[in-house]
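Inspection log for the structure reproduced underneath, given as structure tokens.
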Amino acid sequence: IDSHQGVGPANLSSKVEKCLRIVKSWIDAYKQKGMPALRAIRKRRRCSEKLVEMKQKRDRIIEILHETPQIHGINRASWSLKTLAHAFEKQYGQPIGKSTLSQYVIAEGYTFKKARRVLTSPDPSYREKLQEITRVLSHLRDDEKFFSIDEFGPFSVRMRGGAGWMPKGTVRVVPQRQRSKGRLIVTGALELSTNQITHFYSEKKNTGEMIRLLDILLRQYSNQRCLYLSWDAASWHVSAKLNERVAEVNSAAETDPRRTPFVKLMPLPASAQFLNVIESVFSGMAKAILHNSDYRSVEDCKAAIDRYFAEGNWTCPHF
């Protein structure tokens with residue numbers, strides 16, 4: 001009667017506490033043959049019992065899914081449908097197909113996804129340091145310069161692999177063992193407002209090389225009022241000797257501001273190399289200059305790097 005008056009099968013299913021499939025079959029049978037068709041319907045197990053069984057099976061599957069495969073004697077770090085079905089059958093003595101298992105898992109909102117690696121910093125002052133750097137950059141004056149500083153290397157000058165265009169059927173071969181022609185460390189400072197880089201080659205990563213870079217920048221940007229130096233938390237970037245040299249420069253600047261710029265250190269948060277903008281420049285340099293390379297000597301490699309920076313055909317993202 002309710003169906004004839006326009007009540008939908010879903011509402012009828014809720015009203016009589018039967019599943020939607022059963023209710024639809026009753027309505028169709030009545031429309032075709034009337035009440036005799038309903039009386040002749042074979043008695044089936046109540047739909048509520050079926051729902052209870054489905055819920056129990058779903059709960060068991062999710063319970064296993066939340067456990068590690070090793071608990072069930074499976075030598076895997078994560079579940080596959082095959083191993084999940086095997087564990088279910090072994091634990092409950094009920095066989096279950098992979099397609100059925102997949103339907104249960106997907107119905108619960110589970111999907112197979114690859115883990116995403118995130119860039120993080122354990123520095124408790126992470127937000128404060130980042131906010132200070134952002135504040136300085138957003139209010140940078142014309143007579144101020146902000147430098148992102150880092151070292152690339154050490155790396156060996158030798159034949160290197162990489163992706164490149166090759167004739168079909170040809171594979172470029174790089175010897176696993178080969179003699180190095182020398183090694184290099186590129187020390188660089190990227191000025192963010194003008195997108196200009198200052199670089200030289202170092203023998204080591206130490207405080208002396210940082211002081212050398214500082215002196216070069218002071219000469220190169222002697223007409224500026226202030227130089228901001230930003231780098232990661234490496235020990236030679238925060239050494240007492242370097243701080244003493246910065247204090248000497250600032251003392252001279254206070255005496256005669258036209259003689260030398262002030263120097264302010266803007267350290268990045270610990271383990272936050274991903275914030276150091278010059279890293280992206282070094283990455284592009286390596287892709288363009290080092291990958292697939294086979295320089296005859298260290299000097300040839302240096303010449304290629306010098307030309308790369310001189311041409312300025314590299315891009316620097318905004319901080």
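The values are calculated or read from the model by the stated rules, or taken from the named source; none is laboratory data. Computed from a predicted model, the values in this text were never measured in an experiment. All Cβ positions, glycine included, derive from the backbone under ideal geometry; neighbour counts span all protein chains shown. Just so you know, the surface numbers come from the protein's heavy atoms only, side chains and all, with ligands and any DNA or RNA stripped out. Shrake-Rupley method; radii C 1.70, N 1.55, O 1.52, S 1.80 Å.
Taking only protein heavy atoms and a 1.4 Å probe, what accessible area per residue, in Å², does segment 97-234 have with all protein chains in place?
Details: 8970 Å² over 138 residues.
Value for segment 97-234: 65 Å² per residue.
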Most fluctuating of 279, 63, 248 in the GNM of the chain (C-alpha, under 10 Å) is 63
Less than 19 Å apart at the alpha-carbon level, and either on another chain or at least 8 residues along: which aspartates and glutamates does that give for residue 33? 2
Full-stretch length increase - residue 201, residue 136 - with 0.36 nm per residue and alpha-carbon distance subtracted: 20.5 nm
Give me the one-decimal nm value for the distance between modelled label points at residue 265 and residue 234, 7 Å along each residue's Cα-to-Cβ direction. 1.4
Ignoring ligands and nucleic acids, residue 171 exposes an accessible area, probe 1.4 Å, in Å² to the nearest 10, of 120
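Starting from the residue with the highest accessible area, list 1, 278, 197 in decreasing order, probe 1.4 Å.
Details: 1 160, 278 0, 197 30 Å².
Largest accessible area first, the residues go 1, 197, 278.
Within the set of other residues whose C-beta is less than 14 Å from the C-beta of residue 270, count the net charge using Lys and Arg as +1 and Asp and Glu as -1.
Working: positive: 127, 129; negative: 123, 128, 232.
Computed value for this residue: -1.
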Taking only protein heavy atoms and a 1.4 Å probe, what accessible area per residue, in Å², does segment 235-319 have with all protein chains in place? 57
For residue 27, what accessible surface area do you get with a 1.4 Å probe? Give it in Å², rounded to 10. 30
If each DSSP helix of 4+ residues adds -39,500 (n - 2.57) and the sum is divided by the residues in the chain, what number results at 222 nm, nearest 500 deg cm²/dmol? -13000 deg cm²/dmol
Please sort 292-302, 135-145, 262-272 by packing, taking for each peptide the average over its residues of neighbouring beta carbons within 10 angstrom, highest first. 262-272, 292-302, 135-145
Dipole size in debye (nearest 20) for the chain around its Cα centre, Lys and Arg Cβ +1, Asp and Glu Cβ -1? 2780
Under a 10 Å cutoff between Cα atoms, tell me which one of 220, 94, 32 has the largest fluctuation in the Gaussian network model of the chain. 32
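Provide the net charge surrounding residue 212, with neighbours chosen by a C-beta distance below 13 Å and charges set as Lys +1, Arg +1, Asp -1, Glu -1.
+1
Do any trypsin sites (Lys or Arg not before Pro) in segment 183-247 lie in a DSSP loop with no more than 14 other beta carbon atoms within 10 Å, and if so, which? Kindly include the intermediate steps, with their values, before the conclusion.
Details: sites: 183, 204, 205, 212, 219, 225, 241, 245; in loops: 204, 205, 225.
Within segment 183-247, the qualifying trypsin sites (Lys or Arg not before Pro) (loop, at most 14 other Cβ atoms within 10 Å) are 204.
To the nearest 20 debye, what charge dipole does segment 227-319 have about its Cα centre, counting +1 at the Cβ of each Lys and Arg and -1 at the Cβ of each Asp and Glu?
Details: 9 positive and 11 negative charges, 21 e Å.
Once rounded to the nearest 20, the dipole reads 100 debye.
Past the 24 Å Cα-Cα mark, which pairs from 113/287; 57/98; 205/302; 55/82; 204/302? All intermediate terms of the calculation are to be shown ahead of the outcome.
Values: 113/287 30 Å; 57/98 14 Å; 205/302 18 Å; 55/82 21 Å; 204/302 16 Å.
Flagged as over cut-off: 113/287.
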Charges on Cβ only, +1 for Lys and Arg, -1 for Asp and Glu, centred on the Cα centroid of the chain; of 237, 297, 165, which one is farthest towards the dipole's positive end? 165
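Determine the percent antiparallel among the DSSP beta bridges restricted to the chain, to the nearest 5. Write down the numbers at each step before the final one.
Working: 15 of 24 bridges.
Here the antiparallel bridges make up roughly 60 percent for the chain.
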Helix 298-311 versus the longest principal axis of the chain: what angle, 0 to 90°, nearest 10, using Cα atoms? 80
Gaussian network model of the chain, Cα within-10 Å springs - most flexible of 182, 73, 208: 73
Contact order normalised by residue count of the chain, Cα under 8 Å, 6+ apart, percent: 16
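I'd like the carbon and sulfur percentage of the solvent accessible area for segment 189-319, probe radius 1.4 Å, heavy atoms only, ligands and nucleic acids excluded. Please report the intermediate quantities before stating the final value.
Working: 3260 of 6770 Å².
Carbon plus sulfur share of accessible area: 48 percent.
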Given a Förster distance of 35 angstrom, what is the FRET efficiency for residue 163 paired with residue 77, based on the Cβ-Cβ distance and rounded to 0.05? 0.75
Using +1 on the beta carbon of Lys and Arg, -1 on that of Asp and Glu, and nothing else charged, what's the dipole of segment 147-201 about the Cα centre, debye to 20? 660
In the neighborhood of residue 153, defined by Cβ-to-Cβ distances under 10 Å, what is the net charge if each Lys or Arg adds +1 and each Asp or Glu adds -1? +1
